[in-house]
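Working notes for the structure below.
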Amino acid sequence: MSETSLTLSDLLPDPIEGLADQLKAHAAEHGGGAVPWGAVAGQAVSGLKGELGKFSLFEQFAQAWVGIAAIRAWRDPAKQPAGETSIVPLGQHSIAMTAEPALSLVVAGFALPPLKLGLNATATFESVHLSVRDAHLVAAALGKVALTSGLVCGSVPLHPPKPLTTVKLPGRIPFEPGWKIP
């Protein structure tokens, strides 16, 4: 994982405790047979990480920031001359992110209904300074950030929300070509 390419998959716990048990229960509920659930769980985690790896954590932040009223005010050309970059400070705030991936499993040739999971994450920012140019969010300078993440399978918590200490965010995030402020 590089600092410039963090994705939602980086918010998953490693290992995901209890996933093999949930896969086994799901298969039993739908007529699936006995298989080595530890191996199936490993493949499921790989697939899950692959799917969540398609979603940039920084794009999730940008999408939330361009929707804030204080930032939306900067889409007015009268507020900022063309080509000029303005710095917009945001105080303490949080961004909640959710993903609901579904694992599609084929066990011994038998296709099971998708097993639905829920990833819930929150980024709490002490402060952020956003760079806005021509009604686009072009960069973010981060202050202190606390990330928490949790994973559920239906109503069963596989990984209760807890602070993440292994994810390191860069001090500055460039957005190229920039996020249009709606």
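The values are calculated or read from the model by the stated rules, or taken from the named source; none is laboratory data. As the structure is a prediction and not an experimental result, all values here were calculated from the model. We place every Cβ from the backbone using ideal geometry, glycine too, and count neighbours over all the protein chains shown. For the accessible areas, the whole protein counts, side chains as well, though only heavy atoms, and no ligand, DNA or RNA atoms are used. Shrake-Rupley method; radii C 1.70, N 1.55, O 1.52, S 1.80 Å.
Does the stretch 82-92 hold any residues that are over 16 Å from His129 (Cα atoms) and either of a type outside the set (A, V, I, L, M, F, W, C) or in a helix (DSSP H, G or I) (or both), and which are they?
Result: Gly83, single match.
How do the strands (runs of 3 or more DSSP E) wholly within the stretch 133-176 filter down when requiring 1 or more residues that are closer than 20 Å to Trp74 by Cβ: which remain?
Of the strands (runs of 3 or more DSSP E) lying wholly inside the stretch 133-176, those with at least 1 residues that are closer than 20 Å to Trp74 by Cβ span 136-142.
Mind telling me which of the residues Lys79, Lys116, Lys54, Lys24 ends up being outside any strand (DSSP E or B) and farther than 24 Å from Arg172 by Cβ?
Lys24
Checking the conditions here, which among His159, His136, His129 is open to solvent by less than 20 Å² (accessible area, probe 1.4 Å) and in contact (Cβ under 8 Å) with a residue 40 or more places away in the chain?
Exactly one residue qualifies, and that residue is His159.
Considering only the stretch 79-111, state which residues are open to solvent by less than 90 Å² (accessible area, probe 1.4 Å), farther than 30 Å from Val152 by Cα and of a type in the set (A, V, I, L, M, F, W, C).
Val88, Leu90
So which residues in the stretch 141-156 are free of Cβ contacts under 8 Å to residues at least 60 places away in the same chain, out of contact with any Asp or Glu (no Cβ under 6 Å at 6 or more places or on another chain), surrounded by 14 or more Cβ atoms within 10 Å (Cβ to Cβ) and more than 21 Å from Asp21 (Cα to Cα)?
Correct list: Ala141, Leu142, Val145, Thr148.
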